[in-house]
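Where a number appears in this text, it was derived from the coordinates with a stated rule and is not lab data. Source: prediction; values computed, not measured. Note: ideal-geometry Cβ built from the backbone for every residue, glycine included; neighbour counts use all protein chains shown.
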């Protein structure tokens, strides 16, 4: 039923995926930072360890974001389908909450990422 | 566009409507799941079109389906679904031609599903500019794994369909 080439294709894809995942896992580490961006521009960057309640202005209105107990979530958003609110809490590096209608992106980054930069100009 | 006989046109139209219904139904299924996690049932029909009439018919069916499902469903999602429908059907067609019979419907389905997911990820990368590369890589890996599973399932269904219902108009039985 499966030809030899099917199996080669499927195995190859799985290997690529697993290698990719382990590389990401290897690079993950350090303390986490919450990066909130609006319309592609970074708006807020705070450590995950501080509790906050933010209200961010997106294209549709205010998105309310809560940081508590080293986790982040969207409490309320003006968008229609509320996918960002349904995403719930995120707490691990590289997890992301995205609200496409309101153009708000919440990223958990590892502080390692910033240390890896060669330089920053302002 | 090349001339098309009526029988072929009617059959392709039927396939488009079937695929559209599957696509919309799948989006409305009351099963709790993240919105992006789907089997891609419409791909079954794309595969059938590919086996019956070849690459360009498959591309046409797939893109028409994406358009119609977009119009009757979530229009903004067209940004994601249309490019993905185009690239996945085209890649399945090209692979089918290049590999001869060496890749079965299941292999083609897996390849199509992977291309579909990666295209959507690429679009997401351009729409949402603030994604760092580790996120993209992790997402790509996870999406490939889901695509392989979904591709095998839809491929099996397509194989069953093609074998038991459809025989290509030239009398050829594509899977035997």
Checklist outcome for this item: Measuring from the longest principal axis of the C-alpha atoms of chain A, the long axis of helix A:4-27 (C-alpha) lies at a number of degrees, nearest 10, equal to 40 degrees
Next on the checklist: Sort B:45, B:152 by Cβ crowding within 10 Å, fewest neighbours at the top.
Outcome noted: B:152, B:45
Checklist entry - Relative to the longest principal axis of chain B, what angle (0 to 90°, nearest 10) does the C-alpha long axis of helix B:42-53 take? => result 30 degrees
Item to check | the protein assembly as shown - mean residue ellipticity at 222 nm from DSSP helices (-39,500 (n - 2.57) per run, n ≥ 4, rounded to 500) | outcome: -18500 deg cm²/dmol
Checklist entry - So what is log10(I(q)/I(0)) for the protein assembly as shown at q = 0.10, 0.12, 0.13, 0.17 1/Å, when the Debye sum runs over its Cα atoms only? => result -0.63, -0.84, -0.94, -1.33
Item to check | Shape category assigned to the stretch A:1-55 from the gyration tensor of Cα positions, a/c cut at 1.5 | outcome: prolate
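Answer rounded, prolate or oblate for chain B, using the Cα gyration tensor with square roots of eigenvalues a ≥ b ≥ c: rounded when a/c is under 1.5, else prolate when a/b is larger than b/c, else oblate. Intermediate results must be reported in sequence, preceding the final value.
Details: a/c = 1.80, a/b = 1.51, b/c = 1.19.
Prolate shape, in that a/c is at least 1.5 and a/b is the bigger ratio.
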Checklist entry - Against the longest alpha carbon principal axis of chain B, how many degrees, from 0 to 90 and to the nearest 10, is the axis of helix B:133-164 turned? => result 20 degrees
Item to check | Cα centroid separation, the stretch B:57-103 to the stretch A:1-75 (Å) | outcome: 28 Å
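Using a 10 Å cut-off on Cβ atoms, rank the peptides B:108-116, A:52-60 from the highest mean neighbour count down.
Working: B:108-116: 28.0, A:52-60: 15.0.
Put in order of decreasing packing, that is B:108-116, A:52-60.
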Item to check | Per-residue average of Cβ from other chains inside 10 Å of A:12-24 | outcome: 5
Checklist outcome for this item: For residue B:37, placing the label point 7 angstrom along Cα-to-beta-carbon and taking the stretch A:62-102, residues whose amide nitrogen sits under 15 Å are A:86-89
Next on the checklist: Connecting C-alpha atoms closer than 10 Å in a GNM of chain B, tell me which of B:102, B:65, B:163 has the biggest fluctuation.
Outcome noted: B:102
Checklist entry - Build a GNM of chain B with springs between Cα atoms under 10 Å: which of B:146, B:86, B:72 gets the top mean-square fluctuation? => result B:72
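By its C-alpha gyration tensor, with a ≥ b ≥ c as the square roots of the eigenvalues, how is the stretch A:25-98 shaped: rounded for a/c under 1.5, else prolate for a/b larger than b/c, else oblate? Spell out each step's value before the answer.
Working: a/c = 1.69, a/b = 1.65, b/c = 1.02.
Cα axes put the stretch A:25-98 in the prolate bin.
Most exposed first by the Cβ proxy, i.e. fewest other Cβ within 10 Å, how do A:22, B:17, B:62, A:32 rank? The partial results should precede the final answer.
On the way: A:22 11, B:17 15, B:62 33, A:32 24.
By the 10 Å Cβ count, ascending, the order reads A:22, B:17, A:32, B:62.
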